[in-house]
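To keep things clear, I will list the structure first and then write my remarks on it.
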């Protein structure tokens, strides 16, 4: 079953209906109360996942919602999101469920449906806050431990805690004949175990070069968490070339997530002898940090690495801030010659106050006139 709601595509997989059939078989017969319970549970899961999805949408993502056996999930690529934004996307699922708990509790006197809704959401809230990956509690725990212990140790520790939670949940719920809850912990416990095995395999069995290749694959495939984990591990390698390549990969991921300052300092510490495209990213970040002299140092290098409008414009702006009008004007003229240069915006760029330090200089004005002539002839 597929439909759209609030601009977000929703898919209800066949496994979800199989799960509901299993629940009906375990807990009761097919009657009106059961249908109300199914409706309350389905609405509760959708509301919870929309807490995630709408938050992701507010951060510029294009999420989708999926209902599967034992629950659901909101899917989005995560590119460009900061760690804090990932945290809020995760947290707003349980907060949405808490809102329904409060609403349904205050409307209990309106009928049996609200009692079923209250029970469904209490169950979802408690289950999702369990520190078991991939439940929200496990994800929130992983965020917290990664912030404290780093990506590698934080991930492994959160998954180990998930093992304990899964085992304890299975023993308790099956011992008390709560088979739905017990099955839920079995399902997510196996998922947690598979993720843990993958992490161990990645961290222990792979050679450094394979680790780097896997990190690049993860980055291209938008598996940002895994890419960061692999690249951070490679930063500890003695091989300077491999270490620098890992720093380039990690900095690229961090810059996409919005952690520009962390990416800048990471590349600043890297060995410039081995920097390739990372040198261009370093200069881009150096400009935002006000380190214009570094752009001057690597101007020729980064233009050879990435000869493009944005590179020439970056260098031109840096020289303007360094009050070197000849170089600033020359690089701006170079930028204007690229086919993809936004001709309709070049005058606007020239009028920007960043060029104030060199605007009155004759050398800069000479290049500005060349660009103006170019624009006139092309219009």
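Mind telling me which of the residues 119, 156, 148 ends up being in a helix (DSSP H, G or I), assigned by TED's automatic domain parsing to the domain that holds residue 38 and surrounded by fewer than 21 Cβ atoms within 10 Å (Cβ to Cβ)? Before you say what the answer is, go through the steps one by one.
Values: 156 fails: assigned by TED's automatic domain parsing to the domain that holds residue 38; 148 fails: assigned by TED's automatic domain parsing to the domain that holds residue 38.
That would be 119, the only listed residue that is in a helix (DSSP H, G or I), assigned by TED's automatic domain parsing to the domain that holds residue 38 and surrounded by fewer than 21 Cβ atoms within 10 Å (Cβ to Cβ).
Quick one: which helices (runs of 4 or more DSSP H) sit completely within the range 237-344 and have at least 1 residues that are farther than 18 Å from residue 364 by Cα and touching a residue at least 12 places away in the same chain (Cβ under 8 Å)? Please lay out each step first, then the result.
On the way: elements: 240-257, 260-269, 277-288, 292-305, 309-321, 325-336.
Because the criterion is at least 1 residues that are farther than 18 Å from residue 364 by Cα and touching a residue at least 12 places away in the same chain (Cβ under 8 Å), the helices (runs of 4 or more DSSP H) in the range 237-344 that meet it are 240-257, 260-269, 277-288, 292-305, 309-321.
Being crowded, with 18+ Cβ neighbours inside 10 Å and not assigned by TED's automatic domain parsing to the domain that holds residue 376 narrows it down to one of 313, 275, so name that one.
Details: 313 fails: not assigned by TED's automatic domain parsing to the domain that holds residue 376.
Result: 275 is the single residue among 313, 275 that is crowded, with 18+ Cβ neighbours inside 10 Å and not assigned by TED's automatic domain parsing to the domain that holds residue 376.
For the range 339-346, indicate whether the set of residues that are at pLDDT 90 or above, surrounded by fewer than 20 Cβ atoms within 10 Å (Cβ to Cβ) and in contact with a helix residue (DSSP H, G or I) (Cβ under 7 Å, 6 or more places away or on another chain) is non-empty. Even if it seems obvious, please write down each step before you answer.
Looking only at the range 339-346, we keep the residues that are at pLDDT 90 or above, and these are none.
Looking through the range 339-346, none of the residues is at pLDDT 90 or above, surrounded by fewer than 20 Cβ atoms within 10 Å (Cβ to Cβ) and in contact with a helix residue (DSSP H, G or I) (Cβ under 7 Å, 6 or more places away or on another chain).
Restricting the search to the range 191-216, which residues are modelled with pLDDT of 80 or more and either touching a strand residue (DSSP E or B) at 6+ places or on another chain (Cβ under 7 Å) or within 18 Å of residue 155 (Cβ to Cβ) (or both)?
215
So how many residues does the range 24-73 have that are under 25 Å from residue 253 (Cβ atoms), in a strand (DSSP E or B) and modelled with pLDDT of 90 or more?
So the count comes out to 1.
Can you name the number of the only condition in (1) within 28 Å of residue 345 (Cβ to Cβ); (2) in contact with a helix residue (DSSP H, G or I) (Cβ under 6 Å, 6 or more places away or on another chain); (3) modelled with pLDDT of 90 or more that residue 304 fails?
With respect to (1) within 28 Å of residue 345 (Cβ to Cβ); (2) in contact with a helix residue (DSSP H, G or I) (Cβ under 6 Å, 6 or more places away or on another chain); (3) modelled with pLDDT of 90 or more, residue 304 is out only on (2).
The values are calculated or read from the model by the stated rules, or taken from the named source; none is laboratory data. Here the structure is a predicted model, which is why all the values come from computation and not from measurement. Heads up, the Cβs are rebuilt from the backbone with ideal geometry, glycines too, and the neighbour counts pull from every protein chain shown.
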